[in-house]
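First the structure, in the form of structure tokens, and then the observations on it.
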Amino acid sequence: MTDSNLLKSIIAYKGMTLKECAEAIGMPVSTFSSKVNNNTEFKPSEISALQTLLELDAKEIQRIFIYSLK
């Protein structure tokens, strides 16, 4: 399970929209929205892409995606 509010706030803090974020990691916006809203889970490769894009540290990754990594 993803902490949607935290992920959305970090994306906004970085000056991006959900659409821009999805496009930057090569994912359709509808798929990204579904994952952000916990309808489907992020894959480890997608989490890694977001980590790079948003410059997230290990603690932030754990707080956002703790259940997705199990």
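The values are calculated or read from the model by the stated rules, or taken from the named source; none is laboratory data. What you see is a predicted model; the values in this text were computed from it and never measured. Here Cβ is always computed from backbone atoms with ideal geometry, including for glycine, and neighbour counts include all displayed protein chains. Quick note on the areas: whole protein, heavy atoms, side chains included, nothing else; ligands and nucleic acids left out. Shrake-Rupley method; radii C 1.70, N 1.55, O 1.52, S 1.80 Å.
Just checking, how many residues over the range 52-67 are of a type in the set (Val, Ile, Thr) and within 10 Å of the chain's Cα centre (by Cα)? Walk me through it before giving the result.
Step one: of the range 52-67, the residues of a type in the set (Val, Ile, Thr) are 52, 61, 64, 66.
Next cut, within 10 Å of the chain's Cα centre (by Cα) only: 61, 64.
Within the range 52-67, residues that are of a type in the set (Val, Ile, Thr) and within 10 Å of the chain's Cα centre (by Cα) number 2.
The single condition among (1) over 11 Å from the mean Cα position of the chain (by Cα); (2) in a loop (DSSP other than H, G, I, E, B) that Ser30 does not meet is (2).
Taken together, the residues in the range 20-33 that are surrounded by fewer than 16 Cβ atoms within 10 Å (Cβ to Cβ) and free of Cβ contacts under 8 Å to residues at least 12 places away in the same chain amount to 6.
When the range 33-53 is filtered for residues that are assigned to a helix (DSSP H, G or I) and out of contact with any helix residue (DSSP H, G or I) (no Cβ under 6 Å at 6 or more places or on another chain), the ones remaining, listed by number, are Ser33, Ser34, Lys35, Pro44, Ser45, Glu46, Ser48, Ala49, Leu50, Thr52.
For the range 2-11, the criterion of a residue being in contact (Cβ under 8 Å) with a residue 60 or more places away in the chain and surrounded by 13 or more Cβ atoms within 10 Å (Cβ to Cβ) is satisfied by at least one position.
Among the residues making up the range 34-68, those that are open to solvent by 40 Å² or more (accessible area, probe 1.4 Å), of a type in the set (S, T, N, Q) and either closer than 12 Å to Asp3 by Cβ or in contact (Cβ under 8 Å) with a residue 12 or more places away in the chain (or both) are Asn37, Asn38, Gln62.
Going by what's in this entry, would Gly15 be described as part of a loop (DSSP other than H, G, I, E, B), touching a residue at least 12 places away in the same chain (Cβ under 8 Å) and open to solvent by 20 Å² or more (accessible area, probe 1.4 Å)?
No: the conditions fail for Gly15.
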